[in-house]
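Single-structure report; data block below.
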Number of protein chains: 2
Amino acid sequence: MYSISEIAEKVDISAHTLRYYEKEGIIDPIRNDQGIRQFDEQHLKWLQFVKKLRETQMPVSQIKEYTRLFLEGEHTANARLRLLEDHQQFIRDQIETLLATDEMLTRKISTYKELMEKSLMK
Amino acid sequence: MYSISEIAEKVDISAHTLRYYEKEGIIDPIRNDQGIRQFDEQHLKWLQFVKKLRETQMPVSQIKEYTRLFLEGEHTANARLRLLEDHQQFIRDQIETLLATDEMLTRKISTYKELMEKSLMK
DNA sequence: GTTTGACTTAGAGTGCACTCAAACGTCTAC
DNA sequence: GTAGACGTTTGAGTGCACTCTAAGTCAAAC
């Protein structure tokens, strides 16, 4: 069992943000008799998954939706699958955009470097 | 020469956003005698470049900085080069993250699909 | 000649995702 | 027994990047 600051460090998400995620229904830690949040291995795994989704720009609203479906049970598997497939497509499009800009920058950077060599020769 | 709405359509950036970029110093269209913004081919190229930077999450503040350096002249070439190289590194890190999450999703999606085949067999 | 539509401005509003503040509770160490 | 570390809550604040509103100007179309 981890306290909020322990899990915050483990998943590298601030305690502030974890409380915000709880308010949004994305995570639901157990409370001990002092009302203090306790996170277990399941919570850890879930947060690592959530983090990957956020790092790849899935909106919090969609993560909420995924969580809601998950909690609703087995019969929402299809809907969850669709969400994940859509996000995978988004990721692949994003990779395309990044690769194209990477190439553009490579060209631009080499132009800059040539320019500087020329100015050195003067 | 293009009006704001024409260039907006050409680069697919809203006229609102273009005015905002102008206020931020990222673009500086010519004005005709009615005070109406006129964009030429140079502006078009610049905006296409800016768009690629924004699409790959370069903050507006950094694009401002790049623009400022560009307008300052030749002697800032080094600083501009550094900005572009930093952004390229950012892009490459981002690609890594996206690829890792893509793989994770591929695994998760196939688990979902297996699960659904099993439930079909019942 | 008036209506339509595109343009202008300054400044306010929006949505997202945090991020922080303030006031308070509770456990542990000295 | 009190200081300090860490926890709690509600609700407000922040930063970013737009996005829109309101009030006005101006030229061409009917």
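Kindly establish whether residue A:120 is within 30 Å of residue B:79 (Cβ to Cβ) and open to solvent by 20 Å² or more (accessible area, probe 1.4 Å).
Taking the combined requirement at face value, the residue satisfies it.
Of the residues making up segment A:99-112, those that are charged (D, E, K, R) and more than 7 Å from chain B (Cβ to nearest Cβ) are A:103, A:107. The residues of segment A:80-91 that are more than 7 Å from chain B (Cβ to nearest Cβ) and open to solvent by 30 Å² or more (accessible area, probe 1.4 Å), listed by number, are A:82, A:86, A:89, A:90. The residue that is farthest from the chain's Cα centre (by Cα), among those in segment B:64-79 that are within 26 Å of residue B:3 (Cα to Cα) and either surrounded by fewer than 15 Cβ atoms within 10 Å (Cβ to Cβ) or within 13 Å of another protein chain (Cβ to nearest Cβ) (or both), is B:71.
The residues in segment A:5-53 that are free of Cβ contacts under 8 Å to residues at least 40 places away in the same chain, open to solvent by 30 Å² or more (accessible area, probe 1.4 Å) and away from every other protein chain (no Cβ under 14 Å) can be counted, and the count is 24. Look through segment B:1-56, keep the residues that are part of a helix (DSSP H, G or I) and acidic (Asp, Glu), and return whichever of them is farthest from DNA strand D (Cβ to nearest atom). For segment B:1-56, the residue satisfying everything is B:41. If we scan segment A:23-33, do we find a residue that is farther than 29 Å from residue B:109 by Cα, within 9 Å of DNA strand C (Cβ to nearest atom) and over 13 Å from the mean Cα position of the chain (by Cα)? Yes. Please determine, by comparing only the residues of segment B:54-63 that are away from chain A (no Cβ under 11 Å) and of a type in the set (Val, Ile, Thr), which one is least open to solvent (accessible area, probe 1.4 Å). By that ranking, first place goes to B:63.
The values are calculated or read from the model by the stated rules, or taken from the named source; none is laboratory data. Since the structure is predicted, the reported quantities are computational estimates derived from the model, not experimental observations. Note: ideal-geometry Cβ built from the backbone for every residue, glycine included; neighbour counts use all protein chains shown. Areas reflect the complete protein model, heavy atoms only, side chains present, ligands, DNA and RNA absent. Shrake-Rupley method; radii C 1.70, N 1.55, O 1.52, S 1.80 Å.
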